[in-house]
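Accompanying notes for the structure given below.
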Number of protein chains: 2
Amino acid sequence: MKIIGERINSTRKPIQEALEKRDRAFILKEAKAQLEAGAEVLDLNAGAFIKEEPVYLKWLVEIIQAKFSVPLALDSPNIEALNAALEVVPAKTEVIINSITPEKERFDNGISLVKKYSTSVIGLCMDEEGIPRNKEKRLKVAETLIKKLKEEGIEEERIYLDPVIQPISTDTSVGKAILESIKVIKTRYPRVHIVLGLSNISFGLPNRRLINRTFLTMATAVGVDTVIADPLDKDLITSIRAAEMLLGKDEFCLKYLESQRS
Amino acid sequence: MKIIGERINSTRKPIQEALEKRDRAFILKEAKAQLEAGAEVLDLNAGAFIKEEPVYLKWLVEIIQAKFSVPLALDSPNIEALNAALEVVPAKTEVIINSITPEKERFDNGISLVKKYSTSVIGLCMDEEGIPRNKEKRLKVAETLIKKLKEEGIEEERIYLDPVIQPISTDTSVGKAILESIKVIKTRYPRVHIVLGLSNISFGLPNRRLINRTFLTMATAVGVDTVIADPLDKDLITSIRAAEMLLGKDEFCLKYLESQRS
């Protein structure tokens, strides 16, 4: 499971303040904590600042790359912000653009950067009509998106499909629809990654972390390989380690045993 | 998820002693605790007593049915013990015979009782060569068993297929092989139940309950609907409630919310 650490997000108050104050130490502490907890990619989001987003996103990339050699997920639909950030990313650094949709303008803008900088990309499974409600519509939107990306020359390995989770509290059919559509997509496009932005699923319910890790565990069984989440959630990490072991991805159970020691 | 409570098992020391002393109160306390915790079926096992097994199994059925109107899983390969117990089961009580295998003698003995008493039956996915190692062999054994049962006139709804879990610590490929074979079986025989005897999976590893509930959660996503487990494991029950909700089996999230209150 590739964990994309979600904590450096300007919708979180402490991050917003750190950005305003240019508090380098605070941001680097958040980065370090996530990497130590098991994140392999850091998501960077400065979207709470409309005007200053390009400046702040670029600054985040600069200070983090000066200290850590780590893949980045640039979390913005804003072409200017993405451009500003991508210009300062070191050539060897892996980047995932988070995200594009099949809608023409956002797709065209995003894809031009994906191609120019040879990045990977998270594609959101939604269209002009919003987030699809049932399995059939989900599949159709997902396939359209994957096909469009492949037509642009993006290999399956660089595509991260995000099924876009809605809260189970507002529609109890959404979990099953997502799991079923992932099963089909993984059969048709086995090399496409499936990424979950986890926390939405539990919105409005008690014990959200239990719901989040339960859904991730189920999703792991049907082919999800990447998650955007808070790696400081220890119960989430131990259940990821257990799930990986149970799927035969942990030789001699070593990573699981290590997670139990720490 | 149908939970078959596993606690009344003579391999557990307190149960063995209660049987020897005919400690009715202790057995009934175990039964009540499991039912209150969410068990829908009680597994009864007196197999630690070779000679007295028929007498003890019969006694268990009698004292429990006198107090609780609850479905029973009669846990024995011993035809005499099963016969003694089945003779005293009230006509209206649902029974699952736990278990038969495709091996001729055990199959023929078991099936004669399944037919005579119109019970359900747990079929173990193993044959003369033992427990199959890979997905292909698992599927073959499972299909042979289901076909044999259907030829005997047993409807799919009365068949509980048990994939027979081995410890992940001795073979890290076993979890994935089981999940993959369940997916295929559920596609071919959608009305056959899949039951997991959960605790073996974690044998020899620390934090066994975490591994157990993680595997059950994954298995739920691919079609497992019944589990033999300890319902007094609260974390297991809450993760079952979360998983059911996430699969759309909990209208208005009521059962989940209730599990969070208790």
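We did not get these values from a lab; they are worked out from the coordinates using the rules stated. If you're wondering where the values come from, they're calculated on a predicted model, not measured in any experiment. All Cβ positions, glycine included, derive from the backbone under ideal geometry; neighbour counts span all protein chains shown.
Points worth noting:
- Once the Cα gyration tensor of the range A:155-208 is diagonalised, semi-axes √(5λ) in Å: 25, 12, 6
- Choice from B:95, B:70, B:224 showing the highest fluctuation, given a GNM over chain B with Cα pairs closer than 10 Å: B:70
- Alpha-carbon geometry of the range A:183-262: the Rg and the Dmax are 13.3, 39 Å, given in that order.
- The range B:229-262 and the range A:195-213 have their alpha-carbon centroids 14 Å apart.
- log₁₀ of I(q)/I(0) at q = 0.10 Å⁻¹ - the range B:40-144, Debye sum with one point per alpha carbon: -0.30
- The range A:40-133: relative contact order as a whole-number percent, Cα under 8 Å and 6+ apart: 24 percent
- Net charge over other residues, Cβ less than 10 angstrom from the Cβ of residue B:212 (K, R count +1; D, E count -1): 0
- Dipole orientation for chain A: of the candidates A:174, A:3, A:245, A:245 has the Cα lying most toward the positive pole (charges on Cβ; Lys, Arg +1; Asp, Glu -1).
- Label-point distances for residue B:153 to the equivalent site in the other copies, using a point 7 angstrom along Cα→C-beta, read 6.9 nm when ranked shortest first.
- D_trans [Stokes-Einstein, Kirkwood Rh over alpha-carbon pairs] for the range A:116-158, 25 °C, 0.890 mPa s, µm² s⁻¹: 218 µm²/s
- Here residue A:118 yields copy-to-copy label distances, from shortest upward, of 7.1 nm, the label point defined as 7 Å from Cα along Cα to C-beta.
- Over the protein assembly as shown, the alpha carbon radius of gyration divided by the compact-protein estimate 2.2 N^0.38 Å works out to 1.11.
- Using a 7 Å Cα-to-Cβ projection, residue A:16 label spacings across copies, nm, ascending: 6.3
- Of all DSSP-defined beta bridges confined to chain B, some 5% are antiparallel rather than parallel.
- About its Cα centre, the range B:148-187 has a charge dipole of approximately 180 debye under the convention of +1 per Lys or Arg Cβ and -1 per Asp or Glu Cβ, with nothing else charged.
- Within-9-Å neighbourhood charge of residue A:98 [Cβ basis; K, R +1; D, E -1]: -3
- Geometric descriptor of chain A, per residue, is 130 Å³ (volume of the convex hull of the Cα atoms).
- Each residue of the range B:181-194 was assigned a 3J(HN,Hα) from its phi angle through the Karplus curve 6.51 cos²θ - 1.76 cosθ + 1.60 (θ = phi - 60°); the sequence is 6, 4, 3, 5, 4, 5, 6, 7, 10, x, 9, 6, 6, 10 Hz, with glycine and proline shown as x.
- Highest-fluctuation residue, B:80, B:129, B:30 considered, GNM on chain B with Cα pairs under 10 Å: B:129
- Take every pair of alpha-carbon atoms less than 8 Å apart whose residues are at least six positions apart; their mean separation over the length of chain B yields a relative contact order of 16 percent.
- Pair residue B:79, residue B:140: separation of 7 Å Cα→Cβ label points (nm): 2.8 nm
- About its Cα centre, the protein assembly as shown has a charge dipole of approximately 260 debye under the convention of +1 per Lys or Arg Cβ and -1 per Asp or Glu Cβ, with nothing else charged.
- Among A:241, A:106, A:12, residue whose mean-square fluctuation peaks in a GNM of chain A (springs only between Cα atoms under 10 Å): A:12
- Multiplying each eigenvalue of the alpha-carbon gyration tensor of the range B:85-216 by 5 and taking the square root yields semi-axes of 27, 17, 13 Å, largest first, rounded to whole angstroms.
- Among the residues of A:229-241, the average count of other protein chain beta-carbon atoms within 10 Å of the residue beta-carbon is 1.
- Dipole of chain B computed with +1 at Lys/Arg Cβ and -1 at Asp/Glu Cβ about the Cα centre; of B:212, B:74, B:141, farthest Cα towards the positive end is B:212.
- Each Lys and Arg Cβ is given +1 and each Asp and Glu Cβ -1; about its Cα centre, the range A:1-149 then shows a dipole of about 260 debye.
- Residue (of A:56, A:25, A:85) at the positive-pole extreme of the range A:17-100, dipole from beta-carbon charges: A:25
- Within-13-Å neighbourhood charge of residue B:48 [Cβ basis; K, R +1; D, E -1]: -2
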